[in-house]
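The next block holds one structure in the form of structure tokens; read it before the comments.
Just so you know, all these numbers are worked out from the coordinates, no wet-lab data involved. Small disclaimer: the values here were computed from a predicted structure and weren't measured. FYI the Cβ positions are ideal-geometry reconstructions off the backbone, even for glycines, and counts take in every protein chain you see.
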Amino acid sequence: MKPSRSVTLIASCLLVACFAVSAMLSRAVNGLRPRAAIEDVLYLKSAKTLRWLSLGYTGLMADIYWTRAVQYFGANHFVGAAHFDQLAPLLDITTDLDPKLTVAYQYGASFLSPPPPSGAGLPDQAVAIVEKGIRANPDDWHLYQCLGFIHYLDRKDYAAAHQAFLRGSAIPHAHDSLKLLAGRMAEKSGDIETARIIWMSTYDTTNSSAIKENAATHLVSIQAMEDIAGLEKIVDLYRTQTGHLPASFRDMALANLLPGIPLDPYQEPYVLNSDGHVQVRHPEKYKFLERVNPDGSTPAPSAK
Amino acid sequence: MNSRVSAIASNTFREAVRDRVLYNLIGFAVLMAGAAILVGQISVDIEKLVVINLGLTAVSLFGVIIAIFIGIGLVSKEIDKRTLYTVLSRPVQRWEFILGKFFGLAGTLVVNTICMAAGVFLAMLYVTHKLQPSDASVLAALYFIVLQFLIVTSLALLFSSFSSPLLSAVFAFAVFVIGSFSGDLREFAGAQSGASHWVAMAAARIIPNFSGLNVISMVAHGEPVAANLIFANTAYTFFYAAMVLCAAVLIFERRNLK
């Protein structure tokens, strides 16, 4: 039987109209629903139950839970949340389902460890998840590196950081920087050079473009911090020689203390304030800029 | 394979294709393309893992569903349509009919799996831009999935040889689920003592060992699959599927078709 043209037309129009209305209503329903009520719920807390429900396809289930952990952290981080209550359980379930998913230990720890708003501010839980990863993957030196970073950056436990880097450096084919970092932790843990080695090591060893970019931003900030500390020393020298502060870098160059106008890592001229302090022209480009103490140490190594 | 078995097998294959079974490939292609493109945006550093895990899990589940839902109808449909009488009135033995049906559906599933495997490798190539030598272990996982299909197909045929399609589907799916936990059942048996140990151990031996055929997580992490595991799983599947087919033949030989 030939389909009626008018019925086809009416049915098609109705289909489109009903779809549009249902889509709008669905949006309205989502708007009315309390956001956190659903997202902050762990539907299933037991990895064992999930393992059963997945019919043995645990790899895919772990990927789903890892993606959920990333989304949970991202969504809460985006709104500046102070609490990330479900993050550690989500990571625990993920790594129970797939103990070889090393990315969940590494990134998971970097979500858990830094203080809010950068992270969940739970360095002890971050240590626990990485130690769990090390038990499951004892030959992966990246996990020891990650553990060392948490102890160094967030727990300020330099002895534990030294131990972590030392344990990692003993693994065959571990990156050379682990030995270097173990040494630095034992000698001079809080100085800027150690921070440079930490981020250089991260930059050299990661395969993730996001982590590489973060490490590069840290390295640029560290370079600027060193430049500023050096320039302020020259400003002091100028004041000692002339009895007053320089009005500009040009004055310092004329006094043969500088070869020219100093440029920051982004090739923009540094700014000399009237009080003798030096700063970068665009501080927003330097996310991790801190002042360097006269002894070369930073007030607190940044873990962001 | 004798000519009668191969004739029934090729007809079964043709019928499955005519029933649009291979249309599932469209759904699979959409799933893989979506995973390859989207996962990088919603997760961190697991693009390749997801493509392998999702791809192989989908290959396995799509195939198991096809094996069960086509397999359960292989005998009952022929009886309902009365075409079985036409076939058996010719010089075709009942065991040849069962074997032909088995090979026909197995062939359909192999073709389906080859197409899906191509999709998995294309998606892997899309997310990594270059295949590694360790990716060859994905082929071993795909081979194990095909072995899994052979067992499921034989089970569906067995249930189909004496039960209604609905009950056959329930039985076959139940055995698939239980078989997926055969490893846990063996662990449970090991932890028991006395009669419960022997009962659990016997159950673990009778149900198909699907957990031994699942190496998806392993290959997703680039771990190689040992040659002796491939050999052992091949031999296990051959003997298990042969055992189930023998049971199906024994039942079907005695079935009153009037």
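Assorted remarks:
- Inspection of region A:241-259 finds no residue satisfying the criterion of being among the hydrophobic types (A, V, I, L, M, F, W, C), touching a residue at least 60 places away in the same chain (Cβ under 8 Å) and surrounded by 12 or more Cβ atoms within 10 Å (Cβ to Cβ).
- Selection status of residue B:141, buried (at least 20 other Cβ atoms within 10 Å of the Cβ) and more than 30 Å from residue A:68 (Cβ to Cβ): no
- Extreme residue, nearest to residue A:75 (Cα to Cα), among residues of region A:102-144 that are assigned to a loop (DSSP other than H, G, I, E, B) and of a type in the set (A, V, I, L, M): A:120
- Restricting attention to region B:34-81, the residues being at the interface with chain A (Cβ under 10 Å from one of its Cβ atoms) and outside any helix (DSSP H, G or I) number 4.
- Within region A:68-107, tally of residues that are closer than 17 Å to residue A:47 by Cα and without any contact (Cβ under 8 Å) to a residue 40 or more places away in the chain: 7
- Only one entry of A:86, A:71 meets the criterion of being within 13 Å of chain B (Cβ to nearest Cβ) and surrounded by fewer than 21 Cβ atoms within 10 Å (Cβ to Cβ), and that entry is A:71.
- When residues of region B:152-187 are limited to those that are among the β-branched types (Val, Ile, Thr) and in contact (Cβ under 8 Å) with a residue 60 or more places away in the chain, the one farthest from residue A:55 (Cα to Cα): B:153
Yes/no matrix, rows are residues, columns are (1) more than 14 Å from chain A (Cβ to nearest Cβ); (2) surrounded by fewer than 13 Cβ atoms within 10 Å (Cβ to Cβ); (3) among the aromatic types (Phe, Trp, Tyr):
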{"site": "B:194", "(1), (2), (3)": "yes, yes, no"}
{"site": "B:197", "(1), (2), (3)": "yes, no, no"}
{"site": "B:203", "(1), (2), (3)": "yes, no, no"}
{"site": "B:212", "(1), (2), (3)": "no, no, no"}
{"site": "B:225", "(1), (2), (3)": "yes, no, no"}
{"site": "B:229", "(1), (2), (3)": "yes, no, no"}
{"site": "B:235", "(1), (2), (3)": "yes, yes, no"}
{"site": "B:240", "(1), (2), (3)": "yes, no, yes"}
{"site": "B:249", "(1), (2), (3)": "yes, no, no"}
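- Some residue of region A:186-201 being touching a Gly at 6+ places or on another chain (Cβ under 8 Å) and not acidic (Asp, Glu): yes
- Restricting A:140, A:154 to those that are surrounded by 23 or more Cβ atoms within 10 Å (Cβ to Cβ) and among the acidic types (Asp, Glu) reduces the list to A:154.
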